[in-house]
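Here, each number is a calculation from the coordinates, and none is a lab measurement. Please read all numbers here as calculations on a predicted model, not as lab measurements. Backbone-built Cβ (ideal geometry, glycine too); neighbour counts: all protein chains shown.
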Amino acid sequence: MLLALAATALVAIALLSDLIVPRLDDLWGRWLARRQRTPSWSYDPGRERRAEQRARTLLRSCVNDEEWAMYRDLGFLRVWGTLADGPDDAGGTGGAPYAYLIYPHRPIVAYLAQTHRLLNEYCVTFPDETRPYGSSRLPDSDDVLAKWMALTGDERRLISTANMHLPGRQLDPAQIRRDLWRLSQWERTRMRQLSDGGQGPPPAGDRKSAA
Amino acid sequence: MKPGHGEVLIAEGDATRAEDEQRLIEEFRRQLDAGLWAAVPVADKEGRRESIMVRSFEEIPWDADRVIFFPRAAGGR
């Protein structure tokens, strides 16, 4: 009797194994997955701040004293244009001197140096294509440095890469003119203090640290 | 330059030493193959600063003390 029951049970198990084994396998897999420790990335609120501090140090080591002071005090850099007829698509400058204003993570603005007439906005980014997740933004000062290096190293290449827009698309022209006015005031003060033997205008606060 | 990190030292060495030079060349090529741009900040005699974009190891000025790699520029919105 017992032998018959055992044989019947074995036959039943053998017949049902096609149904039971995958299910058991699935349950085992889920149990293992639940026990597996998932990697966790704890948010470090100081990481981006430290990255920005490193970026500022690097920027300072690359640009000259005047440019560094300009960025520190005003929050942007001016780079003089070197193309004979102005930046591409700007309609030509007739040989008039022109320059760019570089803001962190904002378009580069080209303008005529003497009249402050705005020429164009050049939208350019430096995305890290190798990063599969998270932010692909450079720290602010690294973004400024990347634009500075690309402009001073190969102006035509950067301008041809950027998306060109008329002034006012992203940056308020009135704000740009205010910045140009601030720049001229800043330069005037700096020249006066340098001629008096000083070291330029006092820093107007650490803009980046305060942001 | 690395998003979220800022400046990261990739490699350093003395390019006048053969073994260092080979390692620097390999790292240089690896960065460019990864799509990064390379620039060398320089200063002229009047103190004006600018950068030189370099596309090969041979283009790096012999007296350069560093090469900065940064993500390739793309048109933004």
Most exposed first, judged by fewest Cβ atoms within 10 angstrom, A:57, A:161, A:93 run A:57, A:161, A:93
Proxy reagent accessibility, fewest Cβ within 10 Å first, across B:62, A:148: B:62, A:148
When Cβ neighbours within 10 Å are restricted to other protein chains, what is their mean count per residue of peptide A:59-65? 4
Which whole-angstrom value gives the distance between the alpha carbon centres of region A:3-20 and region B:33-74? 75 Å
Based on other C-beta atoms within 10 Å, arrange B:25, A:176, A:20, A:159 from fewest to most. A:20, B:25, A:176, A:159
What residues have an amide H closer than 5 Å to that of residue A:93, excluding those fewer than 5 places away on the same chain, when H is modeled at 1.01 Å from N in the peptide plane? A:86
Using only Cα atoms, what Kirkwood radius does region B:18-71 have, in angstroms? 11.8 Å
Per-q log10 I(q)/I(0), the protein assembly as shown, q = 0.15, 0.16 Å⁻¹ (Debye; single scatterer per alpha-carbon; no solvent): -1.22, -1.35
What is the gain in length, in nm to one decimal, between residue A:7 and residue A:20 on full extension, counting 0.36 nm per residue of separation less the C-alpha to C-alpha distance? 2.8 nm
What average number of partner chain Cβ atoms lie no more than 10 Å from the Cβ of the residues making up B:33-41? 5
Relative to the present Cα-Cα distance, how much length would full extension add between residue A:61 and residue A:187 at 0.36 nm per residue of separation? 43.3 nm
Report the extension gain between residue A:160 and residue A:36 in nm, rounded to one decimal, defined as 0.36 nm multiplied by the number of residues separating them, less their alpha carbon distance. 39.6 nm
Write out the GluC sites (Glu not before Pro) in chain B meeting two conditions: DSSP loop, and at most 14 other Cβ atoms within 10 Å of their Cβ. B:12, B:46
Between residue B:65 and residue A:174, with labels modelled 7 Å along Cα→Cβ, what's the label distance in nm to one decimal, could you check? 4.7 nm
Estimate the FRET efficiency between residue A:82 and residue B:29 by the formula 1/(1 + (r/R0)^6), using the beta-carbon distance for r and 25 Å for R0, to the nearest 0.05. 0.25
Gyration tensor (alpha-carbon) shape descriptor, region A:49-207, a/c threshold 1.5: oblate
Determine the shielding of peptide B:6-12 by partner chains: average, over its residues, the number of Cβ atoms on other chains within 10 angstrom of each Cβ. 4
